[in-house]
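Structure first, commentary second.
The values are calculated or read from the model by the stated rules, or taken from the named source; none is laboratory data. Keep in mind that what you see is a predicted model, and the values were worked out from it rather than measured. Here the Cβ positions follow ideal geometry from the backbone for every residue, glycine too, while neighbour counts run over all protein chains shown. Side chains are part of the model used for accessible areas, which takes the heavy atoms of the whole protein and leaves out ligands, DNA and RNA. Shrake-Rupley method; radii C 1.70, N 1.55, O 1.52, S 1.80 Å.
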Amino acid sequence: MTTTRAGCAVEADGRIIFEVPEAHGRRLLLRLRPKKGLPEETLHVLDLNSADEGRARAVLGAGPVLAEGRWDVYLLDGSERTRLRPGPRDLRVLVDGHLRDRHAPLAVRVPYVTKDGFLAVRTWLRPAHAEVDRVDVTGGALTVSARLHGASLPDGAEVLLRLRRDGGTIRTIEPLVGQAGRSFSFTVADETLDLGIWDMFVRPAPGAPMIRLARLLDDVADRKNVFVYPGATAGGIVVRPYYTVDNDLSLDVKRTG
């Protein structure tokens with residue numbers, strides 16, 4: 001049996017164009033991968049139209065139509081569906097995506113190859129987003145710089161570190177905000193943090209919703225094992241920044257030794 005492969009290209013406006021060998025009457029199916037033990041609930045179907053050289057093409061528009069998660073890609077023929085292997089992927093426009101200002105809501109989609117070799121699309125859908133630019137670890141100092149998309153930082157902005165195990169313990173840090181009110185940086189004082197995992201947010205103004213710090217605006221769908229940082233060590237405590245499975249930035253605080 002011949003394995004069907006789908007190529008895809010991301011356009012500058014955010015559209016994703018899929019191409020497969022032409023097959024009359026078929027469509028493309030995107031399936032939101034359900035959490036373990038739960039049934040599938042969310043599907044999105046795209047029409048396939050004839051293109052050049054015996055190919056068929058489907059277009060996923062730039063609008064925020066896909067929920068946040070991982071979408072597996074299938075070829076749909078009536079009630080039969082076949083999961084697609086990846087063909088060529090053109091993701092060049094995503095590489096410097098962090099350099100462009102984004103508007104709310106942010107719909108981020110990155111085609112990628114799953115661990116078992118199939119084509120999928122990683123999506124994020126967020127009202128606003130704080131894109132991490134640099135994470136500097138020098139000795140006992142940890143400094144993070146980021147840029148806000150879909151919101152601005154007036155007076156009163158603050159960075160919040162929330163202890164994951166109880167969700168109620170929060171440490172606040174006053175960020176250094178750039179002149180345009182979008183970029184900001186902050187330094188973490190290790191001695192103020194209890195042991196555990198701390199998730200990182202920015203609150204643009206008093207009473208405003210918290211915005212998660214993450215790195216989403218490039219061509220890397222899974223960065224947890226790609227971007228690995230050393231820890232900042234001070235006073236018997238090591239604070240190691242890391243990216244979660246959702247590409248959000250968190251801190252792992254442990255004792256040394």
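Averaging Cα coordinates gives a centre for region 19-76 and one for region 146-171; these two points are 35 Å apart.
Identify all lysines with a Cα-Cα distance to LYS35 below 24 Å; exclude those on the same chain that are fewer than 8 residues away in sequence. Counting by Cα, and skipping residues close in sequence, LYS35 has these lysines nearby: LYS115, LYS224. Put simply, the C-alpha atoms of the chain give a gyration tensor, and the ellipsoid matching it has half-axes of 39, 20, 16 Å, longest first.
According to the square roots a ≥ b ≥ c of the eigenvalues of the Cα gyration tensor, what is the shape class of region 65-147, taking rounded for a/c under 1.5, prolate for a/b larger than b/c otherwise, and oblate for the remainder? Prolate shape, in that a/c is at least 1.5 and a/b is the bigger ratio.
In the frame of its principal axes, region 1-154 has Cα extents of 58, 39, 29 Å, reported largest first.
FRET efficiency for the THR169 to LEU99 pair, using the beta carbon distance and R₀ = 51 Å, is estimated at 0.90. The accessible surface of the chain, taken with every protein chain in place and a 1.4 Å probe, is 49 percent carbon and sulfur.
The residues of region 27-137 present an accessible area of 55 Å² per residue when probed at 1.4 Å with all protein chains retained. Using the Cβ-Cβ distance between ALA12 and VAL245 with R0 set to 35 Å, the FRET efficiency from 1/(1 + (r/R0)^6) comes to roughly 0.80.
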